[in-house]
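A short worksheet on the structure shown next.
The values are calculated or read from the model by the stated rules, or taken from the named source; none is laboratory data. What you are looking at is a predicted structure, and each value in this text was computed from that prediction instead of being measured. Here the Cβ positions follow ideal geometry from the backbone for every residue, glycine too, while neighbour counts run over all protein chains shown. Just so you know, the surface numbers come from the protein's heavy atoms only, side chains and all, with ligands and any DNA or RNA stripped out. Shrake-Rupley method; radii C 1.70, N 1.55, O 1.52, S 1.80 Å.
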Amino acid sequence: MPIDVVTADGRALTLTERVGVGAQGGVFRVAGSSLLAKLIIGADDTSPTARKLDRMVRHSRAPRTVKLLGGTGAETPPRAAWPLVRIATRDGSVVGFLMTDLTAWYHSFDVFFSPRSRHAAFPGITWALAVAAARDLSALVADLHAENYVIGDLKAGNLWLDTAGRVAISDADSFQFTDGEAFFACRVRSDGYIAPELTASPDRLPDEHTDTFALGVLVHQLLMCGAHPFAGVGPDGDYRGLDDNAARRRTRLLDPASVRVAPGTPPLSALPRPVRDLLKRCFDPGRGGPRSRPTAREWFDTLSACAAPRALKRCSVIATHCYPSDIPWCPWCDVRKIGVDCFPQ
């Protein structure tokens, strides 16, 4: 059923097919436009959400934000589905915004993390694309932090990847930031990406350090064919979820005996040693606490070195198998022997 809305300057628009739905609202196509529209549940024209969207629309025109968001040409696709224009239903009972349709350039991370859909969307790719994606994600997070945005709900479901390894983010309306005297909090959480300090204190607000915890989880997933670092059942058969495992530091990276992972999970040896070291510090920062986690910029520097041509080696047996040059054997061939080919020809 079509939905009639108006923009902040009075233009009438019609929303047609719903193409996405989440905890905060629905995403719709806009008749006669290449943009998408998001309507936010429980937010009307007088709500804090409306004020937040107005601020973000204003930010979208600032030179520093324009540079941050990219999308200036065919070679630089947009880096975020940013609120461009605020909209509302005619009675003002529901607000939302217009944004760029990232699917014109990207596939979702969820597609990349699924072996079946990954091969269809990214045919013939190698592990080098995963390294490039992890590096670009780190750059995006670092750039957002430099502009004093906390992502808050950093997860696979709001991230996008193209065939060149470039990354973009959606759900920007949930970002946390301060604009003048106004503070706009993020209270959205997503299972599997919640830092232990947020699990322990549910009312605590996110910060850059909780973002970098989620970044570490995503880097692991990118480089390990979608495998979550906290997936696995305890040796006693106990399993209460990914976030509980994270809170209890149950991961192969810290203690190989703490979990049993699913057959076909790539070996930790597939990760470059510098990446393993950063992941360990991310998930167990020690006495320094969350502030000791690697920053997004530190992730970018490390992954840039891992993405250099001299740091990668091509398998002599299967052309699409690529791995760190300091490993004497192909880890993807080892996984393939048990029936899982992460990067088939």
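Just a few scattered comments:
- Assessment of the range 99-117 against the conditions (farther than 30 Å from Val340 by Cβ and either part of a strand (DSSP E or B) or touching a Pro at 6+ places or on another chain (Cβ under 6 Å) (or both)) yields at least one matching residue.
- The single condition from (1) open to solvent by less than 20 Å² (accessible area, probe 1.4 Å); (2) touching a Leu at 6+ places or on another chain (Cβ under 8 Å); (3) not acidic (Asp, Glu) that Ala128 fails is (1).
- Every condition in (1) charged (D, E, K, R); (2) part of a helix (DSSP H, G or I); (3) in contact (Cβ under 8 Å) with a residue 40 or more places away in the chain holds for Lys280 except the one numbered (3).
- From the options Thr76, Thr65, residue that is polar (S, T, N, Q), at pLDDT below 95 and under 21 Å from His107 (Cα atoms): Thr76
- Residue match in the range 311-324 (condition: in a helix (DSSP H, G or I) and under 22 Å from Gly264 (Cβ atoms)): no
- Exclusive hit being modelled with pLDDT of 95 or more and assigned to a loop (DSSP other than H, G, I, E, B), set Pro344, Pro266, Pro294, Pro290: Pro294
- Members of the range 169-201 found to be free of Cβ contacts under 8 Å to residues at least 12 places away in the same chain and open to solvent by 60 Å² or more (accessible area, probe 1.4 Å), listed by number: Gly180, Glu181, Phe183
- Unique residue being surrounded by 22 or more Cβ atoms within 10 Å (Cβ to Cβ), over 30 Å from Val6 (Cβ atoms) and not aliphatic (A, V, I, L, M) when the list is Phe109, Phe122, Phe97, Phe113: Phe109
- Filter result for Thr163 (surrounded by fewer than 17 Cβ atoms within 10 Å (Cβ to Cβ), of a type in the set (S, T, N, Q) and within 25 Å of Leu303 (Cα to Cα)): yes
- Among the candidates Leu68, Leu39, Leu53, Leu35, the residue that is open to solvent by less than 90 Å² (accessible area, probe 1.4 Å), in contact (Cβ under 8 Å) with a residue 40 or more places away in the chain and touching a Ser or Thr at 6+ places or on another chain (Cβ under 7 Å) is uniquely Leu35.
- The range 310-335, subset surrounded by fewer than 12 Cβ atoms within 10 Å (Cβ to Cβ) and out of contact with any helix residue (DSSP H, G or I) (no Cβ under 9 Å at 6 or more places or on another chain), residue farthest from Ser138 (Cα to Cα): Ser316
- Residue count, the range 1-32 (criterion: among the β-branched types (Val, Ile, Thr), open to solvent by 40 Å² or more (accessible area, probe 1.4 Å) and touching a residue at least 60 places away in the same chain (Cβ under 8 Å)): 1
- The listed residue being among the aliphatic types (A, V, I, L, M) and open to solvent by 30 Å² or more (accessible area, probe 1.4 Å), out of Leu140, Leu144, Leu205: Leu205
- Applying the condition of being touching a helix residue (DSSP H, G or I) at 6+ places or on another chain (Cβ under 9 Å) and surrounded by fewer than 19 Cβ atoms within 10 Å (Cβ to Cβ) to the range 239-262 and asking which residue is nearest to Leu198 (Cα to Cα) yields Ala247.
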